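The structure appears below as structure tokens.
The values are calculated or read from the model by the stated rules, or taken from the named source; none is laboratory data. In this text, all values refer to a predicted model and were calculated from it rather than measured experimentally. Cβ atoms come from the backbone with ideal geometry, glycine included; neighbour counts cover every protein chain shown.
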Amino acid sequence: MSGRGPLVGVLALQGDVREHTGLLAGLGIEARAVRRPVDLDELDAIVLPGGESTTLSLLLQSAEVFEPLAARLAKGLAALGTCAGMILLAREVLDGREDQRCLGAIDVSVRRNAFGRQVQSFEADLAVRGIDKAMHAVFIRAPVVERVGPGVEVLASVEGPDGASRPVVCRQGRVIVASFHPELAGDDRLHRLLLDLVG
Amino acid sequence: MTSGAARQDGTGERQQGTLRVKRGLAEMLRGGVIMDVVTPEQAKIAEDAGAVSVMALERVPADIRRDGGVARMSDPALIAAIQEAVTIPVMAKVRIGHFAEAQILQVLEVDYIDESEVLTPADEAHHIDKWAFSVPFVCGATNLGEALRRISEGAAMIRSKGEAGTGNVVEAVRHLRSIIGDLRKITTADPAERYAWAKQLQAPIELVEEVAATGKLPVPLFCAGGLATPADAALVMQLGAEAVFVGSGIFKSEDPARRARAIVEATAHFGDPEIVAKVSRGLGAPMAGAEISTLEVKLADRGW
């Protein structure tokens, strides 16, 4: 990065891309839509939006973005993933499709649709470590983290459907994942955290 | 609609069935393809092809057209079997105005209810009061007024109706152009003209004010009715649809799995003709399709 701000991409194959680019625009960042391998060039950070993770997994592979993105993440590309984006960035997905692939950028195991079907979707205020006031969290057929590897910091948890506490915001190095959609509530604080990591 | 008090885990009170939560699922489906399926096997084919959601029903619209008679909500056992077969969201249809069918689908916990003109209407004057449900609703519309009336009744997603079961995209294009064209015009209306728009559209002034300010519907706008090829999907996405429904177009074609996959790719890469060209090759025969002027029943005329 020379005089300009960081170059941030938003994976734009499917999902709520516009909400993420809108939040980044509010922070003075003109995000690049990522659909092809060449779109990864010179990125400082990438946002993986909410969407349908099984669809995104297929589209990442057919667009030949999967392998180069995984390689960039392994070399330290900063990333923020919300909901489906969290599933894609995880080491392991539970209750996914048999051929569903993950990028393995953060050492967590994530269970899809952990709360059940859409009628169980909810919104609630959520305390997140390192963020001053509660975030307003919108959980849509949301995943939760069921296993956290060493080196992964849990920033927020909620009571899962089984009554146990389940992590919903985690960070490892320069990768942040959230089960919910700050972009649907117009809350840019996780995006700011991402930009801070890029420095 | 809320559940439980504040919890001991850092979250405040959980609210379910809010408009934000309902609309939120529609936002997650954007850029994707929702496919009609009539068996658990078809549902699996759709999921494997990359569908973001499936619509569970007993007959695709082309067969409803062919068979005639009254078309109703599907057997709950079939819907449940399809829910078991896939991990993606499952939608199902109810007749216009048939809130008791919708109550059943809410008990089944379908992810979206489609109050659909493809089924035989149960009420000739009233649509369902969709605010009374915690499951979100999608409704069809042929023009902006119809879309805003459905939103005022609580719909959390609008799909342009097109003409289902025809494999002919012309009506989908007409409806989409009508909705988006009027959205564009309203943004330039002055405050006095907005009242005239509300009157002409037979829609609440508050919603007219909102679309005048934002230039878009307050809920996602998807496209349905007559799509049969990857190029059809690319066309309506370029016209401004945010996702597509494909009904008879997939499982009435020669090679459903390949066609489904190709339409998923074309929808994701709608602005890249090279990719759409690549995925359009060698898909086998599409569904035969029908000229609109030859139809005995125009499904899009249902709804008020």
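Six or more apart or on different chains, Cβ atoms under 6 Å: show the pairs whose first residue is in region B:127-138 and over 11 Å from residue B:109 (Cα atoms) and whose second is assigned to a strand (DSSP E or B) and at pLDDT 95 or above.
B:128/B:115; B:130/B:137; B:137/B:113; B:137/B:115; B:138/B:112; B:138/B:114; B:138/B:157; B:138/B:159
What number of residues within region A:68-123 are at negative phi, away from chain B (no Cβ under 14 Å) and either surrounded by 20 or more Cβ atoms within 10 Å (Cβ to Cβ) or outside any strand (DSSP E or B) (or both)?
Looking only at that region, the number is 19.
Tell me the helices (runs of 4 or more DSSP H) entirely within region B:75-191 that contain at least 1 residues that are within 14 Å of chain A (Cβ to nearest Cβ).
Fully inside region B:75-191 and qualifying: B:76-85, B:99-107.
Give the number of residues within region B:235-288 that are more than 14 Å from chain A (Cβ to nearest Cβ), among the small types (Gly, Ala, Ser) and assigned to a helix (DSSP H, G or I).
3
Has region B:211-228 got at least one residue that is in contact with an Asp or Glu (Cβ under 6 Å, 6 or more places away or on another chain), farther than 27 Å from residue B:272 by Cβ and at pLDDT 95 or above?
Within region B:211-228, one or more residues are in contact with an Asp or Glu (Cβ under 6 Å, 6 or more places away or on another chain), farther than 27 Å from residue B:272 by Cβ and at pLDDT 95 or above.
Per-residue answers, yes or no, for (1) at pLDDT 95 or above; (2) among the β-branched types (Val, Ile, Thr):
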site	(1), (2)
B:178	yes, no
B:188	yes, yes
B:201	yes, no
B:237	yes, no
B:247	no, no
B:252	no, no
B:257	yes, no
B:264	yes, yes
B:267	yes, yes
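Name every residue in region A:88-103 that is among the small types (Gly, Ala, Ser) and in contact with a strand residue (DSSP E or B) (Cβ under 7 Å, 6 or more places away or on another chain), in order of residue number.
Correct list: A:90 only.
Would you check if residue A:199 is away from every other protein chain (no Cβ under 14 Å), more than 25 Å from residue B:30 (Cα to Cα) and in contact with a helix residue (DSSP H, G or I) (Cβ under 9 Å, 6 or more places away or on another chain)?
Here the answer is no, as residue A:199 does not meet what is asked.
Looking at (1) assigned to a helix (DSSP H, G or I); (2) among the hydrophobic types (A, V, I, L, M, F, W, C); (3) out of contact with any Pro (no Cβ under 9 Å at 6 or more places or on another chain); (4) buried (at least 21 other Cβ atoms within 10 Å of the Cβ), which is the one condition that is false for residue B:196?
So residue B:196 meets the others, but not (4).
Among the numbered conditions (1) crowded, with 18+ Cβ neighbours inside 10 Å; (2) in contact with a Pro (Cβ under 8 Å, 6 or more places away or on another chain); (3) not aliphatic (A, V, I, L, M), tell me where residue A:37 comes up short.
Among (1) crowded, with 18+ Cβ neighbours inside 10 Å; (2) in contact with a Pro (Cβ under 8 Å, 6 or more places away or on another chain); (3) not aliphatic (A, V, I, L, M), the lone unmet condition for residue A:37 is (1).
So, in region A:11-46, how many residues would count as being more than 14 Å from chain B (Cβ to nearest Cβ), in contact (Cβ under 8 Å) with a residue 12 or more places away in the chain and either over 15 Å from the mean Cα position of the chain (by Cα) or part of a loop (DSSP other than H, G, I, E, B) (or both)? Show your work before the answer.
Here is the first cut: in region A:11-46, the ones more than 14 Å from chain B (Cβ to nearest Cβ) are A:24-32, A:40-46.
Retained after the next criterion (residues that are in contact (Cβ under 8 Å) with a residue 12 or more places away in the chain): A:24, A:26-29, A:31-32, A:40, A:42-46.
Next, from what is left, pick out any that are either over 15 Å from the mean Cα position of the chain (by Cα) or part of a loop (DSSP other than H, G, I, E, B) (or both): A:26-29, A:31-32, A:40, A:42-44.
Count: 10.
Report yes if some residue within region A:156-168 is under 19 Å from residue B:15 (Cα atoms), more than 10 Å from chain B (Cβ to nearest Cβ) and touching a residue at least 40 places away in the same chain (Cβ under 8 Å); otherwise report no.
Yes, that holds for at least one residue.
For the subset of region B:246-304 comprising residues that are of a type in the set (D, E, K, R) and crowded, with 18+ Cβ neighbours inside 10 Å, which member is farthest from residue B:234 (Cα to Cα)?
Going through the qualifying residues, I end up with B:302.
Have a look at B:38, B:52 and point out the one that is touching a residue at least 12 places away in the same chain (Cβ under 8 Å) and buried (at least 24 other Cβ atoms within 10 Å of the Cβ). Can you show your working first?
On the way: B:38 fails: buried (at least 24 other Cβ atoms within 10 Å of the Cβ).
Of B:38, B:52, the one residue that is touching a residue at least 12 places away in the same chain (Cβ under 8 Å) and buried (at least 24 other Cβ atoms within 10 Å of the Cβ) is B:52.
I want to confirm something. Restricting to region B:10-51 and keeping residues that are aliphatic (A, V, I, L, M) and assigned to a strand (DSSP E or B), which single residue is nearest to the other protein chains (Cβ to nearest Cβ)?
So the residue we want is B:33.
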